[in-house]
């Protein structure tokens, strides 16, 4: 079945958003700037710019979390995740080509790190759910999502690299089971809890 232009626009938005986020994080690590604030700013802008097109997931954990409560169908969720992964890897190669190398990221694994990533993703997804369930005014959606990401990263970074995004983890070569699994667990827990809390 051929994909409609609407679908291609959504997947392009997810690709562009994840590539931009990954590239910005690589740049912040290279320049030793405040990575959590850079990530939050990029996501805040992405919500306003790309949100009307695709919802601005730009994170496989977000997509899986929303899929788990049937906010997105399986085929589209898979296409979203594929677009996000391709975007992250594209940003990695583009950064390496333009800058001449990638910043070195210390990578460790462990259940403590996985817990930190899950905890950060949990608070991040609570903010997203507030937007998805229309508990936040549309004009404030980017601010809420960006601040939720910032909070999640700051909490997670006490024990981990504070990525909360498996696609970005691949893009910056912070690869371990902790960074790939933790965000999914936190995201799914958050969406089900929030859905239960606001259920009327």
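For the range 169-179, the criterion of being at pLDDT below 95, surrounded by 15 or more Cβ atoms within 10 Å (Cβ to Cβ) and over 23 Å from residue 42 (Cα atoms) is met by at least one residue.
Does the range 18-26 contain at least one residue that is in a helix (DSSP H, G or I), over 16 Å from the mean Cα position of the chain (by Cα) and either at pLDDT below 95 or within 14 Å of residue 83 (Cα to Cα) (or both)? Checking the range 18-26: not a single residue is in a helix (DSSP H, G or I), over 16 Å from the mean Cα position of the chain (by Cα) and either at pLDDT below 95 or within 14 Å of residue 83 (Cα to Cα) (or both).
Residues are listed down the side, and each one gets a yes or a no for (1) closer than 22 Å to residue 131 by Cβ; (2) touching a residue at least 12 places away in the same chain (Cβ under 8 Å):
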residue: 9; (1), (2): yes, yes
residue: 50; (1), (2): yes, yes
residue: 54; (1), (2): yes, yes
residue: 73; (1), (2): yes, no
residue: 78; (1), (2): no, no
residue: 86; (1), (2): no, yes
residue: 104; (1), (2): no, no
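Evaluated against (1) surrounded by 15 or more Cβ atoms within 10 Å (Cβ to Cβ); (2) out of contact with any helix residue (DSSP H, G or I) (no Cβ under 7 Å at 6 or more places or on another chain); (3) within 27 Å of residue 30 (Cβ to Cβ), residue 114 falls short on exactly one condition, (2). Among (1) in contact (Cβ under 8 Å) with a residue 24 or more places away in the chain; (2) over 12 Å from the mean Cα position of the chain (by Cα); (3) assigned to a helix (DSSP H, G or I), where does residue 148 come up short? Here residue 148 clears every test but (2).
Looking only at the range 158-180, count how many residues are under 13 Å from the mean Cα position of the chain (by Cα) and in a helix (DSSP H, G or I). Total satisfying the criteria: 8.
The values are calculated or read from the model by the stated rules, or taken from the named source; none is laboratory data. In this text the structure is predicted, and so the values were computed from the model without any measurement. Note: ideal-geometry Cβ built from the backbone for every residue, glycine included; neighbour counts use all protein chains shown.
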